[in-house]
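Structure, as structure tokens:
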Amino acid sequence: RISCATSLKLEIVLVKMGKAVKKRSHIRHDGITGNPELYEETSDESFSAVQDSVIQSIFDQLQSPKTEDRDCGANALATLPQGKNDALMLIKSGIVKACAPLLLDKNAAVRHSATGALRNLSTVGGEDACKLMVGEDVLTPLLAFLKKFSKVWTHAKTEHSAAENKSEKVDSSNEQFVEAVTLLWNLCESSTLAVSICDQEDVIDVLKCFLDVEKYGKSSVIAVGNLLLTLSEDNEHAVEKLKSVDTGIMNILSMNISGEASLNPRDLLIRILAAGITHNLCNGDLSLLPDNVQALVGESIKLALHENVFDSMSVLLNLIEGNSLEGMEEEADRDKHIDSVFESIDFHLSAQSSALILLANLCCSNGSEDWEDVTSEDESEVVNGKDESMPKTIAEDICALPGAILGVFRQDSSSGSHVLQLVLNKTIPIPENLIRTNNGKYAKRWKSLVLRIKSLRCDAFFCLGNLVPLLSVQDFGGVDNLFQAWCDLNQMLFQTNEASTQSDLAEAAVNTVRSITEKLKEVSPKSFEKLSEQDVRILCTAVFSCPDPSIVACMVRILSCVGVSVAGSPNEPLTENRGNIIKMIGSCLLQVITTDGQLWIVAEALDAIYDIFAEDHVDTVGNEIALLQVLKSVVEPLKQKVSLLQQNLRHIS
């Protein structure tokens, strides 16, 4: 009898020692502008194609006494790296030490070109490149430039006045400032050392005056806002600095999140950055703030998520293909208009990504970490002092969203603008007609948009996974709609092979499916009785098609929830359909136990088996899949693995 299998569980309980339990994800803001993956996937040539003589030529130009040579060398460096490996090898060649001093060159054009080249290296090379650049001491001239800039720059033109008079250009010093702050942002996102140096050098005091849209323009405010958002995240020193700034700065932040509703993508991004900084200033606990401020944060998130980027991309595609360019006979006018639409979509994507990350973090407990080590000494698991083997509500151990924010999110739910629906909309895959298209000279920029959409979907899945436990079934439109959302996500992930081909997306999405599964198990377990055998077969197949162990473990938990829900109580006769579902899930879990080489995943599968087959009324199904015989056959092999693990641990200690 499976109910007598407790002794078997005690034999292998040590398997669960050191198991990692994933808590609701706290997501860091993604600071590498442009996402280095864009360059990796669109790069056609490797760095090996670049001759040493070309690099040496750039070195010579950067160190030349002639202004024209230095400017030419910096511009050449900006265009040289076409992929992450290119950038890393350039940095390792020592070229950063040759270029960085030009940030303080006497010539403005050279300073501008050098700033752009270094910013491009940090973008294309990603996190690894940024860490190397910090090691090459790029921060010394960069921070010196920013300090000098803040003292001597008298801003003559903002993009507002330039837009009104097309014959005038935006002040080039503004462009260089944005490049420099963006470079610093990338470095701080990738390196804790860079953040520490910024704290020591009081960078916040240097940059706080640039949070003035009217004086310095939106581009500067966005660049500084991104940096301050990163610096103030989990950084008490930076938070205190921002709290101690004059009231004018706080008024600007309030204005940016409390102004009239605007669908201008730059305005949306400024609002959401200000909302994120506000979140950091209260250490993630918005309930400490007045209700009106909470509502402004919620409204900023909602506005940012409202835009359907696919519609904008369809418009852009028509422009590129020449279907919507009436009255624009000059090619330069057409290109300028297309560039502006590309830029608008980029800002929308940045605003939406930041909004999703902020919303996901609002759902997390204050100060929680992504992972927590759990040691099991008996049959129960104890997390944060709570017995995980005991029944509990799904929202236990997480903090609820402040009421004022929930109030904003629940407004106009009947019109489809409920925040939950807005987040769900961001998980939808990009339409095929927007992927498989030939965009001519815009092909690379278009591919970049497609990759940014994929990144946005990851953010949306993480956000949704954190949001689901906090919302009521009514927020989903009822149990039927919640179950339909669960089915749609499963179909999207497992019938299209996304879960097996895109690991980052799969991890976020599968965790979201798990959250909804747990919600359904709590509020309406009978919903799973609607599943067909084909539905369950797809889930079971997905367990073995996912290469990532953490995803496999999450899939096991999903099957466990479904199996327990379908098994029901001993008082309910086991129908044929329910019995078949349990049989398929049980067989799948046994296969995991007998074939998976990772002990912690085997432990997860064993937990699921014990939960599903805990009651006598499912013994018949257990007999059909030879449950006890299989479990007995794995005891000795598992004992040997546990013994080996213990020996290794003793050796390490």
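The values are calculated or read from the model by the stated rules, or taken from the named source; none is laboratory data. Nothing here was measured: the structure is a model prediction, and the numbers come from that model. A quick note on method: Cβ atoms are made from the backbone with ideal geometry, for glycine too, and the neighbour counts reach across all protein chains shown. We work out accessible area using only protein heavy atoms, side chains counted, and drop any ligands, DNA or RNA first. Shrake-Rupley method; radii C 1.70, N 1.55, O 1.52, S 1.80 Å.
Take the Cβ atoms of Asp480 and Asp311, set R0 to 25 Å, and the FRET efficiency comes out at 0.30. Which FRET efficiency, nearest 0.05, do Asn623 and Ser643 yield, Cβ-Cβ r, R0 30 Å? Working from the Cβ atoms, E equals 0.45.
Extension gain, Gln56 to Glu214, is 52.5 nm, computed as 0.36 nm per intervening residue step minus the present C-alpha separation. The magnitude of the dipole of segment 403-498, with charges of +1 and -1 set on the Cβ of Lys/Arg and Asp/Glu and taken from the Cα centre, is near 780 debye. If the segment from Asn264 to Ala108 were pulled out straight at 0.36 nm per residue, it would be longer than the present Cα-Cα gap by 53.0 nm. The listed peptides 621-634, 567-580, ordered by packing as a protection proxy, come out as 621-634, 567-580 (highest mean of other Cβ atoms within 10 Å first). 3J(HN,Hα) couplings calculated from phi for segment 209-223 with the Karplus curve 6.51 cos²θ - 1.76 cosθ + 1.60 (θ = phi - 60°) are, in sequence order, 5, 8, 8, 9, 4, 5, 8, 10, x, 5, 4, 5, 5, 5, 4 Hz; Gly and Pro show x.
Projected label points at Lys92 and Asp69, each 7 Å from Cα along the beta carbon direction, are separated by 2.9 nanometres. For segment 52-146, count all C-alpha to C-alpha pairs, find those more than 19 Å apart, and express that count as a whole percent of the total. So the portion of pairs separated by more than 19 Å is 31 percent. Reported to the nearest whole Å, the Cα centre-to-centre distance from segment 543-596 to segment 438-461 is 36. Counting only protein heavy atoms and a probe of 1.4 Å, the accessible surface of segment 536-590 is 57% carbon and sulfur. Fully extending the segment from Glu615 to Val341 would add 92.6 nm, taking 0.36 nm per residue of separation and subtracting the current Cα-Cα distance.
Annotation: peptides 479-489, 607-617, 81-91, ranked by per-residue average of other Cβ atoms within 10 Å with the highest first, follow the order 81-91, 607-617, 479-489. Counting charges near Cys487 (Lys, Arg +1; Asp, Glu -1) among other residues having Cβ under 11 Å from its Cβ returns a value of -2. Computed from label points 7 Å out along Cα-Cβ, the spacing between Ile652 and Lys151 is 5.2 nm. Using only the C-alpha atoms, the convex hull of segment 465-556 corresponds to 86 Å³ per residue. When both segment 97-116 and segment 67-82 are represented by their alpha-carbon centers, they are found 10 Å apart. Here Tyr442 sits with roughly 20 square angstrom of accessible surface, probe radius 1.4 Å. Ordering of 230-239, 456-465 by packing is 456-465, 230-239, highest average first (other Cβ atoms within 10 Å, averaged per residue).
Modelled label positions at Asn433 and Gln598, each set 7 Å beyond Cα in the direction of Cβ, lie 4.1 nm from each other. Computed over neighbours whose Cβ is under 11 Å from that of Gly73, the net charge equals -2, Lys and Arg +1, Asp and Glu -1.
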